[in-house]
1. Just order 34-46, 60-72, 14-26 by mean Cβ neighbour count inside 10 Å, highest at the front, would you?
2. Across region 8-14, in residue order, what do the Karplus-derived ³J(HN,Hα) couplings come to in whole Hz, using 6.51 cos²θ - 1.76 cosθ + 1.60 with θ = phi - 60° and x for Gly and Pro?
3. Give me the distance in nm between label points sitting 7 Å out from Cα along the Cα-to-Cβ direction at Ser42 and Ala27, one decimal.
4. Starting from the 7 Å offset along Cα-to-Cβ, what nm value, one decimal, do you get for the label separation of His35 and Asp15?
5. Near the amide H of Asp46, under 5 Å away, which other amide H atoms are found, from residues 5 or more places off or on another chain, if H is placed in the peptide plane?
6. Pop out the ³J(HN,Hα) list for region 48-60 in order, Karplus 6.51 cos²θ - 1.76 cosθ + 1.60 with θ = phi - 60°, rounded to Hz; leave Gly and Pro as x.
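Every read-out reported here was derived from the displayed coordinates using simple, explicitly stated rules and does not represent laboratory data. Please read these numbers as outputs of a predicted model, since none were measured by experiment. In this analysis, Cβ positions are derived from the backbone assuming ideal geometry, glycine residues included, and neighbour counts consider all displayed protein chains.
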Amino acid sequence: MSRASGTEGYGETADALAKHYESVSFADVHREILHLIPATPSRALDVGAGTGRDAAALAALGHAVVAVEPTPELRAHGQRLPAQQRSSGSTTPCPTSTRSTRGANASISSC
C-alpha cells in the first residue's frame, strides 16, 4: 500500500513524534487560539490528527470530533494510549478502515 502524498517520513519517525505530541498539552500548543474554540458543543474535524491529542481535548470540551490520521504508525499510537484516557464515546463509522475511540465522541480513522 502506498502512502498518501505529504505523509512521507511520518511513519519512520512516528515513535519520536508521538512522544513529542503527547509531551505537550493541547492548551499549550493552541494557547493563541483557544478563545476561538466555541463554548457551545460543536462538530470538529481534525485532519492529520497524529496521536489524537487535540481531538481528545476537543471532545473533552464537549465537541463531537472526527479525527483522521493517514499514517498508520501514528494512528496506532493513538489506539495504544492508556485506557484512562479513553471513554465510552461513539466512533464515527468509516468504511474499510481501522477505527478506535480516544475521548468522548472522538474517532481515529483512516478514511
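1. Numbers: 34-46: 11.9, 60-72: 20.3, 14-26: 14.2.
So the peptides 34-46, 60-72, 14-26, ranked by packing, come out 60-72, 14-26, 34-46.
2. 4, x, 5, x, 5, 10, 4
3. Roughly 2.0 nm, to one decimal.
4. In this crude label model, His35 to Asp15 measures out at 4.2 nm.
5. Close amide H contacts, sequence-distant or interchain: Val66, Ala67, Val68.
6. x, 6, x, 7, x, 3, 5, 4, 5, 5, 5, 5, 5
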